[in-house]
Amino acid sequence: MKEKRVLAEPFKIKMVEPLRITTEVYRTKVLESAGYNPFLIDASDVFIDLLTDSGTGSMSDRQWAGIMMGDESYAGARSWKRLEQVVKNLTGMPYIIPTHQGRAAERILYGILGGADKVFLSNTHFDTTRANIEFTGAQALDLMPDDALDPEIDLPFKGNIDISKVNAKISELGKERVAAIIITVTNNSSGGQPVSMQNVKDLRKICNKHGIPLVIDGCRIAENSYFVKHRESGYENKTYFQIAKEMLSLGDAFIMSAKKDGLVNIGGLLTLKDEELALECKNLLIISEGFTTYGGLAGRDMEAMAIGLEEVFDEDYLSYRIRSTEYLGKHLKQLGIPVVWPIGGHAVYVDAKKLYPDVPVDQYPGQVLVCDLYTKGGVRSVEIGSVMFGKYDDHGILIPAPNELVRLAIPRRVYTQSHIDYLIEIFDDIIKDSRATSGFKIIYEPPFLRHFTARFGKIS
Ligand code: F0G
């Protein structure tokens with residue numbers, strides 16, 4: 001059937017949450033008092049919130065009904081049994097460990113596998129993944145193919161790891177030092193780009209050869225399956241669920257922040273094939289998260305997660321999800337806004353250095369766009385450039401990040417096409433206005449993860 005031009009959402013709205021419409025004068029004041037950092041703005045002052053797609057989605061009526069049915073027993077709750085069954089069926093793995101979110105699973109698994117002298121190899125480590133690895137004294141190496149780092153090059157699986165770089169690293173380090181290979185699907189930190197089934201199969205072979213564990217960080221595994229079905233030959237006639245199941249069968253462990261494709265506001269998972277490792281993980285879980293049948297979650301959270309993990313593979317939902325992200329990206333591109341191409345699954349990334357060529361990198365062009373979007377439209381986004389990743393040399397001079405991007409992450413089932421059209425109109429205003437020629441200086445920053453709490457001053 002021919003795809004319709006209008007992307008009608010495959011759901012209707014049963015409950016509404018009012019949004020406050022504010023004026024540009026008001027938002028200018030709000031931003032000034034927040035030190036030009038949208039992380040420090042109250043959510044009630046935001047009209048469209050694209051800060052993250054994590055835990056910000058809408059649950060379905062079935063999930064809310066599940067919330068009422070949650071079994072809050074401490075051990076062996078009915079809701080846990082239901083979640084365990086759903087996850088076993090999806091992953092094919094026998095050991096299922098619930099956690100309160102993704103990073104708790106990371107801390108447990110990498111705490112055991114890591115340690116000084118160990119090295120983890122990945123397509124791109126997400127920042128909490130890297131932090132949990134480095135915290136153990138181990139090293140986290142990103143091994144992307146060189147061409148995939150070009151924001152404009154059109155590749156079907158731009159999230160893939162570079163297999164020859166993996167082989168070279170293992171030879172250089174010796175297999176004993178490689179704690180694990182982590183494949184992140186989709187690859188969040190490189191634009192939400194998908195990973196092919198072939199790439200994961202190739203990793204499986206390498207891991208078999210050297211006896212290295214393969215971890216799938218799959219918080220967006222359903223979105224990734226959409227791309228595999230539509231871009232990789234041999235998968236056209238498989239369901240999204242079958243594709244996800246096949247990919248997960250290739251891993252030794254699966255880590256999931258269920259706040260993304262679990263379609264819940266809180267929750268995470270760690271699943272394993274190895275019994276001994278699972279026992280060790282469960283012992284750590286009990287110390288910090290909770291007993292093995294709830295791991296820091298309420299029974300109702302597990303009930304909602306079990307339902308969400310089934311709903312996310314619905315064909316109409318997934319095609320609406322990926323097409324609506326693409327809709328935003330394509331329209332921005334048509335306006336002449338430089339976007340990372342092709343469009344990934346959960347977010348659109350704008351190249352702020354290209355949008356504001358006259359703003360020097362040490363005046364943070366990404367922050368200029370983030371502030372323009374808020375002031376002009378009440379839209380909250382996040383800078384992924386030199387504010388987030390910049391470092392200083394010995395003379396205090398900025399070592400900039402490789403790119404000055406702004407991420408527009410789309411929460412699941414939250415905004416309608418008219419919200420997205422509104423956002424496109426704001427970008428139209430931005431590109432038509434005379435473009436900024438100066439940006440910001442940092443007037444306060446903490447010693448690490450500065451983007452959350454830094455305060456900025458305007459350079460005029
Ligand atoms: N792995 C990936 C690929 C992620 O994108 C995230 C979270 C995590 C692990 C950690 O999961 O937040 O549940 O502890 N990403 C969010 C984001 C925060 O905005 O992209 P968590």
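Remarks
- Test: LYS29 is surrounded by fewer than 19 Cβ atoms within 10 Å (Cβ to Cβ) and not assigned by TED's automatic domain parsing to the domain that holds VAL370: no
- There is no residue in segment 11-22 that is surrounded by fewer than 19 Cβ atoms within 10 Å (Cβ to Cβ) and within 30 Å of LEU214 (Cβ to Cβ).
- Candidate set: segment 416-445, residues that are of a type in the set (Phe, Trp, Tyr) and open to solvent by 30 Å² or more (accessible area, probe 1.4 Å); chosen: the one farthest from the chain's Cα centre (by Cα): TYR444
- Qualifying residue in segment 163-173 (condition: within 30 Å of LYS353 (Cα to Cα), open to solvent by less than 60 Å² (accessible area, probe 1.4 Å) and either assigned to a loop (DSSP other than H, G, I, E, B) or out of contact with any Gly (no Cβ under 9 Å at 6 or more places or on another chain) (or both)): no
- Residue match in segment 400-415 (condition: at pLDDT 95 or above, farther than 23 Å from GLY457 by Cβ and open to solvent by 80 Å² or more (accessible area, probe 1.4 Å)): no
- In segment 346-377, residue surrounded by the fewest Cβ atoms within 10 Å (Cβ to Cβ) [restricted to those that are aliphatic (A, V, I, L, M) and assigned to a helix (DSSP H, G or I)]: VAL361
- Single residue of ALA222, ALA179 found to be closer than 22 Å to THR239 by Cβ, in contact (Cβ under 8 Å) with a residue 60 or more places away in the chain and out of contact with any Pro (no Cβ under 7 Å at 6 or more places or on another chain): ALA222
- Only listed residue being under 20 Å from MET69 (Cβ atoms) and over 19 Å from the mean Cα position of the chain (by Cα), chosen from GLY336, GLY290, GLY299, GLY308: GLY299
- Pairing each residue of segment 121-148 that is open to solvent by 20 Å² or more (accessible area, probe 1.4 Å) with any residue that is more than 15 Å from the ligand (Cβ to nearest atom) and hydroxyl-bearing (Ser, Thr, Tyr), provided the two are 6+ apart or on different chains, yields C-beta distances under 9 Å for PRO145/SER164.
The values are calculated or read from the model by the stated rules, or taken from the named source; none is laboratory data. What you are looking at is a predicted structure, and each value in this text was computed from that prediction instead of being measured. Note that each Cβ is placed from the backbone with ideal geometry, even for glycine, and that neighbours are counted across all protein chains shown. We work out accessible area using only protein heavy atoms, side chains counted, and drop any ligands, DNA or RNA first. Shrake-Rupley method; radii C 1.70, N 1.55, O 1.52, S 1.80 Å.
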